[in-house]
Amino acid sequence: MKRIHLWLAFALLIVVNTVILAGIARNRAGSPDAELTLTERELVLQTGNFREENSGLALLLDWKNDFVAEWFDTDKLAELGFDVTPWKGDEAESDYRGWRTLPKKAFIVLEYEGKAWERFQRKKDEELASLREPPPRNEAEEKHAESERARIENELLAGSRLFAVDVGLDPRNLRALYPDGDRYIILPALVRIYPQREKTEWNLRGNFETVLGGSLHIPRDLAAPLMTLPNRGRLTRGYDYFEPGKVPAPRYRVTVRWGRRYEPWVVGVRLIGGE
Amino acid sequence: MQKEAAQRRADRIQAFRTELEQLEAEGVLSLGAEQKIGLDAYHRTLLAEIAREFDVDVTGTEKQLSWGMRIVSFLGALAISAALFFFFNRFWGLLDTWTQVAILLAAPLLATVAAEFASRRERSLYFTSLLSLVALTCFVLNLSVLGVIFNITPSQNAFLAWGAFALILAYGYGLRLLLVAGLTCLMGYLAATVGTWSGCYWLSFGERPENFIAAGALMAMVPLIPHRKYPQFPGIHRVYGLLAIFIAILILANWGHISYLPWSAKHIEYFYQTAGFVIAGGAIALGIRRRWSGVTNLGCTFFVLYLYTKLFDWWWNWMPKYLFFLLLGFMAIGLLLVLQRLRRAGREVRS
């Protein structure tokens with residue numbers, strides 16, 4: 001009886017760990033909510049300044065929000081519980097609503113190699129064409145066009161093909177709308193409201209602050225192929241390619257499953273020659 | 001008798017001995033040789049007894065060394081915790097998942113057993129404090145790394161688990177350091193939970209200092225529950241809770257736009273500036289009345305801080321810097337004169 005604190009401490013440690021492990025088991029039980037094989041374009045190797053101090057390996061989910069402004073409008077914001085009364089844009093309102101509306105948790109739908117990706121490709125092709133017409137008039141314009149062309153080509157060859165296409169509060173409703181678990185991932189995310197000035201009016205738009213669970217740990221038995229990869233030639237977020245002059249190409253494929261709690265786990269890693 | 005009571009008795013004996021020597025030197029009082037020997041023997045036996053039973057400091061030198069040992073024990077705990085963190089980070093990638101999980105679960109259990117073992121071997125609890133803090137670090141590592149390994153969505157409940165664990169050890173062994181650690185974790189949990197009531201995601205809890213006012217008020221009220229076993233704990237609860245409230249008010253008095261209140265930033269700042277002075281003044285009065293020195297000192301510190309930040313707002317930009325600091329100096333002298341008067345008035349009332 002005298003050492004009751006000791007037993008309480010043990011009980012707490014065991015109960016908390018049991019609850020966590022049960023949650024993990026529940027997430028992975030049954031058929032997964034989604035299963036996709038992505039490449040280095042969508043899952044970039046996480047690196048830091050203290051690599052030698054950390055032997056663990058993780059991948060970061062990279063996705064695009066290029067067309068979000070078109071569909072993440074006032075109706076969607078209202079659906080998520082944001083105050084969407086018209087924005088006048090005066091100082092007091094900006095002071096109150098601009099600063100003070102905090103992000104909310106919602107669920108994002110990410111589409112892989114779907115219509116949004118096709119639209120993105122068409123848009124970038126048009127941008128490439130506009131760089132050729134009219135032809136650059138001087139050396140400075142030529143240089144600018146060249147760097148723009150390289151940036152767009154790198155995005156098309158090495159950029160992520162995952163696009164945010166919808167958002168909602170109930171992941172089950174979203175799955176009913178996007179039933180294809182081989183193409184659509186549903187993940188918890190933080191969303192914010194942004195006032196946007198369009199001509200003379202202020203419009204409220206939503207955007208994603210971050211995706212929760214966007215960092216994927218690689219277990220030791222799957223990490224071996226990734227450990228052999230050199231740092232050079234690595235694709236990074238923003239597509240700044242490490243080896244200028246070389247065509248960027250993804251170096252691995254990773255199969256990921258998302259479970260009942262929309263938490264991911266890696267089930268396979270394979271090296272590839274290029275895409 | 002508790003350890004704190006034993007320490008107070010030892011301190012009183014030391015003070016009595018010094019005063020007696022002084023009185024004898026000034027010829028005010030002189031004990032007979034027999035009385036002196038009897039008194040000395042009684043005190044020596046008593047001090048030896050309480051030193052043996054409670055491991056308290058019976059001389060000034062011992063007291064200084066105790067402080068040194070407390071600091072060393074704290075720094076040692078920090079260093080060992082950092083070593084554990086970096087050691088695990090360095091090698092965990094070489095282990096398979098279930099070995100990682102087993103190590104993460106075993107580490108806090110083993111550290112808790114080690115703390116218990118140390119507590120049975122010592123009465124001063126320096127090693128127990130060190131090992132308990134290491135056990136807490138292992139538990140923090142346990143939950144945070146499990147989250148990373150299994151890509152779990154973060155939750156504020158981890159703070160509740162860590163806080164509960166730290167408080168169990170703090171109340172089990174009477175460790176102030178663990179109490180502060182536990183309160184810090186609980187503060188995080190409470191502030192995040194209060195934040196979620198307004199509909200925001202828990203990780204945004206730091207963006208609304210009012211969350212900490214609510215959490216701090218709850219903590220400052222814990223001493224309403226009697227603490228007979230550890231009479232020094234209520235003071236820590238009060239000071240910690242009030243510190244959270246004062247810091248939150250200091251932030252809101254300068255950045256009104258991060259408040260929940262639906263007013264303009266300027267009005268919110270005026271409100272919290274006024275509230276700051278009122279609450280700091282109230283804390284000083286309450287501290288004096290109840291003889292809570294920690295609360296009085298904290299109230300004084302924040303009263304001056306609020307005053308200086310206000311003066312900075314008003315005068316820094318348009319006044320020459322030498323004049324600004326000169327005025328601050330004069331204000332300090334004015335405050336000293338007021339406090340001196342209060343002190344003298346109190347003495348007159350007592351006499």
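Quick notes on this one:
- Computed over segment B:1-118, the P(r) curve from all C-alpha pair distances, binned at 5 Å from the origin, holds 2, 9, 11, 14, 11, 10, 8, 7, 6, 6, 5, 4, 3, 2, 1, 1 percent per bin.
- Average partner coverage of B:90-101, which counts Cβ from other chains inside 10 Å: 4
- Lysines whose Cα lies under 20 Å from that of A:Lys105, excluding same-chain neighbours fewer than 8 positions away: A:Lys64, A:Lys76
- Selected from B:Ile13, B:Val28, B:Ile236, residue furthest toward positive end of dipole (chain B; charges at beta carbon): B:Val28
- Protein heavy-atom accessible area occluded, B/A pair - total, 1.4 Å probe, Å²: 4100 Å²
- Relative contact order of segment B:153-318, defined on C-alpha pairs under 8 angstrom at six or more residues apart (%): 14 percent
- Note on A:214-226: average number of Cβ atoms from other chains within 10 Å of each residue's Cβ is 3.
- From phi via Karplus (6.51, -1.76, 1.60), per-residue ³J(HN,Hα) for segment A:3-20 in Hz, x at Gly/Pro: 9, 4, 4, 5, 5, 5, 4, 4, 4, 4, 4, 6, 5, 4, 5, 5, 4, 5
- Cβ-placed point charges (K, R +1; D, E -1), dipole of segment A:107-212 about Cα centre in debye, nearest 20: 340 debye
- Mean projection area, nm², convex hull over Cα of the protein assembly as shown: 40.5 nm²
- One equal scatterer on each Cα of segment B:200-316, no solvent, Debye formula: the resulting log10 I(q)/I(0) at q = 0.09, 0.12, 0.17, 0.21 Å⁻¹ is -0.27, -0.47, -0.86, -1.14.
- Overall form of chain B per C-alpha gyration tensor (a/c, 1.5; a/b vs b/c): oblate
- Global geometry of segment B:74-139, whether rounded, prolate or oblate, following the gyration tensor of its Cα atoms and the 1.5 cut on a/c: oblate
- Rounded to the nearest 20 debye, the dipole magnitude of segment B:67-151 is 260 debye, with +1 charges on Lys and Arg beta carbons, -1 on Asp and Glu beta carbons, and the Cα centre as origin.
- The reciprocal of the average 1/r between distinct C-alpha atoms defines the Kirkwood hydrodynamic radius, which for segment B:268-324 equals 12.3 Å.
- Here the Karplus relation 6.51 cos²θ - 1.76 cosθ + 1.60, evaluated at θ = phi - 60°, turns the backbone of segment A:189-202 into coupling constants of 8, 9, 10, 10, 9, 10, x, 10, 7, 10, 6, 9, 9, 9 Hz, with x for every Gly and Pro.
- Dipole of the protein assembly as shown, positive end: most advanced residue of A:Leu169, A:Val109, B:Ile80 [Cβ charges, Cα centre]: B:Ile80
- The lysine pair tally for chain B, using Cα distances under 26 Å and a gap of 8 or more places or different chains, is 7.
- Gyration tensor verdict on chain A (Cα atoms; rounded if a/c is under 1.5, prolate if a/b is larger than b/c, oblate otherwise): oblate
- Accessible-area composition of segment B:67-151, carbon plus sulfur, in percent [1.4 Å probe]: 80 percent
- Taking only protein heavy atoms and a 1.4 Å probe, the accessible area of chain A is 52% carbon and sulfur.
- Inter-centroid distance (Cα atoms) of segment B:97-161 relative to segment B:1-33, Å: 45 Å
- Solvent-accessible area per residue for the protein assembly as shown (1.4 angstrom probe, square angstrom): 54 Å²
- Sequence-distant residues sharing a close amide H with A:Arg251 (under 5 Å, placed H): A:Glu40
- Charged-residue dipole, Cβ positions (Lys, Arg, Asp, Glu), the protein assembly as shown about Cα centre, Debye nearest 20: 2120 debye
- Delta accessible area of at least 20 Å² on complex formation, residues of segment B:196-215, 1.4 Å probe, chain isolated as reference: B:Gly199, B:Cys200, B:Tyr201, B:Ser204, B:Glu207, B:Arg208
- Only helices enter the 222 nm calculation for the protein assembly as shown: every DSSP H run of n ≥ 4 contributes -39,500 (n - 2.57), and dividing by all residues gives -20000 deg cm²/dmol, rounded to 500.
- Highest mean first, the peptides B:24-32, B:40-48, B:101-109 sorted by other C-beta atoms within 10 Å per residue fall in the order B:101-109, B:40-48, B:24-32.
- In percent, rounded to a whole number, the relative contact order of chain A is 31, using alpha-carbon pairs under 8 Å and six or more apart.
- Exposed-loop-free span, longest in chain A, where chymotrypsin sites (Phe, Trp or Tyr not before Pro) count as exposed if DSSP calls them loop and at most 13 other C-beta atoms lie within 10 Å: A:51-241
- Restricting the calculation to Cα atoms, segment B:1-58 yields a radius of gyration followed by a Dmax of 12.8, 37 Å.
- Neighbouring partner chain Cβ atoms per residue of A:16-22, average, 10 Å criterion: 6
The values are calculated or read from the model by the stated rules, or taken from the named source; none is laboratory data. Everything numeric in this text was worked out from a predicted model, so none of it was measured. A quick note on method: Cβ atoms are made from the backbone with ideal geometry, for glycine too, and the neighbour counts reach across all protein chains shown. Please note that ligands, DNA and RNA were not included when accessible areas were found on the heavy atoms of the full protein model with its side chains. Shrake-Rupley method; radii C 1.70, N 1.55, O 1.52, S 1.80 Å.
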